[in-house]
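Down below is the structure, laid out as structure tokens.
Values in this text are rule-based calculations from the coordinates and carry no lab data. For clarity, every value in this text was computed on a predicted model and none was experimentally measured. Every residue, glycine as well, gets a Cβ built from its backbone with ideal geometry; the counts of neighbours run over all protein chains shown.
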Amino acid sequence: MAASCTTEPCCGLPHSEYHELLVTYEGPLHPASKHSRNKTLCIRLPHSGVDETSTPYVSEQHVLASLSERLGWPASMLCIDGSSSGSSSILFPTQSFLLSGEEENNVASTTLMHQHHPLTAKIHPRHTLIRGGKGGFGTLLKGQSKQAGAKTTLDFGACRDLSGRRLRHVNDEVKLRKWRELQQKREKGEEVDELAALKTESGIRNWHLMVPSWSDGAAFTNKGKRKHERQLEREVRSWQSKEERANRQKEEKKMEQEWAVMEYVRRGEVESARVSADNMKEGILAHLKKRKLEKQEISQPITAAGLVSTDANNSEIEQDLIMDKDGNSSASSLITLSGEMSVVDVPHSEQTTKLQGRNDVKQIRIQSESDFATVGVLLDAAKLKETPNQGIHIEYTIQTAGLAQIGWIRVPTTSKDDVEIFLPNSDTGDGVGDDNVSFGYDGSRKLKFNGGTDTAYGSVQGSKEKELVEWNAGDILASWCRRSTDGNTIEIGYLLNGNDLGVAFSIAAGSNDFGYYPALSLNLGEVVDINLGPEFSHDVKEGCVGVSHLSKTSSDESHEEGVSSKPEAKSYDDAPPQKRPRDEDSMTMSRPASANATAAIDTFDLNNCSSVQELLKLGSDRLKSILLSMGIKCGGTPEQRADRLFSLKGLRREDYPQKVRGKNFIL
């Protein structure tokens, strides 16, 4: 209970004295402060002492020490802003109260409480953090400019303003704001004074803030200002000329494009005008005749087996080269497996001395017209089956000693486990020797190839020097393939100008069927002569016969000519070699016959199907065969094939979308 103000203890009872102060803190909070929000603190301190007038007081140091514990700042950084006594070290109370206390150990006690005026505490000014920095940076720059040999500075970006920001950052904001204002005027088409936009009040380029009077920009004389303005004028004219030149070039390019379009339209109109009604009629009749001939070719029975070109679809290669169950055999011929090849007869005047004057020698010259084209030599499958232990010998004349891979390909036999097929591709550069079922040799690089790997090869057998021999233009390369004496392996070797290069490959013989055929891959522009025999420039390898012995007889060929008569290109001794048309002769590299055969065999009426589910019942292989026969892309899953095929229902062939047409698509 409160009592009247007194400094004497009451009734001789023991008592204690305390000072109670209400302090408001004005200043930043310390990161470790417990009072992160409340800045008004109630402090209770013990009695410090009594002065000469018997008035109790509390020391300011005790107050600051208590604040330091609560605020986290050192007591030396804090100060009291004004006290009741006007003293900076002693604080006197305004009034005192005597409070009765509770009994403790049967002894009553009292408390004398001294209250003070509300106080305000803050950080001492000498410790206040100036947000603008320590100051004096401009003075430092000025002092440096007065040193011997120094110049007055133009860079005030390191200075800070009163908010603590670097002046270069403030200047950049001003510069960006001014640029946006000018850009808006330019976009609206308003006239902009570019020279005035470059000028600044400071006289320093791109500095939009004020500078001291001693700076270099402020010290410009009238002559210096005029010189500075002339420099800005030259820059403005240079910018304007560059912009005009860029706009002029843009307009010229636009005019060129428009002129090209107009010229294209004009040429089309001229070409259209040239086509008269008679010419149009003749063109239609010629096209109809061409389609009729193509249909006749498709309807003819296919008796000769062939390799399918793999450029259109590598995954679709028909096994026509395999000996069929009925014993049908194929005529000895050349067939393009990948890329484009041109074929001409070799004149007798260009043949070697040993072969001149012999009409029974079948020598053909081929030239590659695409990157790494591949051609194969087809043999009579029936004769191969009759003489499985008979080797094959073929001869090539190197006309251009460039990149070529000459060798053999293995085709699947009648065994069910033998399913791997030779898949060349001129687009990817895969040819003879680049997979597991082909074996090739390149004398220009002195390497042999199989399964995508290459090994050094080409040293003459029996010679003391084991140097690898490189072929040259005019050299004669013979290649042979035979079964070993024990019958367990197939051996492939080469002879260069009659010199034996040894066995290049030894392959395990998996069956009694001999399924190896000559083939070669040529780089673009390379020319090679193929001699099919029966006479060769050099001796035939022991145990082998020429390719001509494994071709059809003349009676068989005459019978086939009755089925499909095609004129053969004539060859004259003194005349230059003539290129054969692609649709002539059984030895031409025409479009693969297997695709046409598939179209003739697999006939299908799409109008009888009412849904995609019906097409799916046909199976993936049947869908693929139907799409191939129509010249449509056949890739993807069975569902995608069925959707693609069903989307063509009711459409005429010329209305088929371009995206579904394959490379062999014919209108």
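Things to note:
- Largest-first principal axis extents, alpha carbons of the stretch 602-660, Å: 27, 23, 19
- Out-of-range pairs (alpha-carbon distance over 25 Å; input LYS178/LYS242; LYS188/LYS250; LYS188/LYS225): LYS188/LYS225
- Net charge in the neighbourhood of ALA246 (other residues with Cβ under 12 Å of its Cβ; Lys, Arg +1, Asp, Glu -1) is +1.
- Centre separation in Å (Cα based) which lies between the stretch 366-444 and the stretch 618-656: 32
- Order of VAL58, VAL437 - criterion: other Cβ atoms within 10 Å of each residue's Cβ, fewest first: VAL437, VAL58
- From least to most packed, judged by other beta carbons within 10 angstrom and beginning with the fewest, SER647, SER338, SER625 follow the order SER647, SER625, SER338.
- In the stretch 412-550, inverting the average of 1/r over every pair of distinct C-alpha atoms gives 16.3 Å as the Kirkwood radius.
- Fully extending the segment from GLU20 to ALA75, taken as 0.36 nm per residue of separation minus the present Cα-Cα distance, adds 17.9 nm.
- Taking 0.36 nm per residue of sequence separation and removing the Cα-Cα distance, the ARG653/GLU233 pair yields an extension gain of 144.2 nm.
- Annotation: the residues VAL265, VAL432, sorted from fewest to most other C-beta atoms within 10 Å of their own C-beta, follow the order VAL265, VAL432.
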